[in-house]
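I have placed the structure first, in the form of structure tokens, so that the comments after it can refer back to it.
The values are calculated or read from the model by the stated rules, or taken from the named source; none is laboratory data. Note that the structure is predicted; figures quoted are calculated from it, not measured. So basically every Cβ, Gly included, is an ideal-geometry build from the backbone, and we count neighbours across all protein chains shown. Calculation scope for accessible area: heavy atoms of the full protein, side chains included, ligands and nucleic acids excluded. Shrake-Rupley method; radii C 1.70, N 1.55, O 1.52, S 1.80 Å.
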Amino acid sequence: MNGGTILILVILAGIVVAAAFSGWKHMKGEGGCCGGSPDKEPRKTLDGKIVARKIVRIEGMHCQNCKNNVERQLNRIDGASAQVKLKKHMAVVKMTRMVSDEELKAAVARADFHVTDITCEEV
């Protein structure tokens, strides 16, 4: 092998390692694969007494950016604060007023995801 061939093999090996690392991060849900920033959203705090908590099961989220988009849309609802759990494909929504399932589904749909189930726990 000459020097040029060795150089090409080293460059190709570097590309393969970088692609494998990026793929691993993506599979763990840590990449910003959908565009945008993988940075966490600041928590929304509610004023007033929590009257209910809903568990929203969500289909299609696979990265931190997906989680952020869903959380951002749910937190736009007045009287609701959401914490999305990416690996469990769900959001826990605390409410100071009863928020309808339709409002929750519409918020998730604005982020381009689909709600598969909603359960309510009154506090």
| field | Any pair with Cβ under 7 angstrom, 6 or more apart, that starts in the stretch 98-123 at a residue that is acidic (Asp, Glu) and ends at one that is open to solvent by less than 70 Å² (accessible area, probe 1.4 Å) | value | Asp101/Ile118; Glu103/Ile77; Glu121/Ala52; Glu122/Ala52
| query | Which of the residues that make up the stretch 75-123 are assigned to a strand (DSSP E or B) and open to solvent by less than 50 Å² (accessible area, probe 1.4 Å)? | reply | Ala80, Ser81, Ala82, Val84, Met90, Ala91, Val92, Val93, Met95, Val115, Ile118
| request: Tell me which residues, restricted to the stretch 59-74, are open to solvent by less than 40 Å² (accessible area, probe 1.4 Å) and under 13 Å from Lys44 (Cα atoms). | output: Asn68, Glu71, Gln73, Leu74
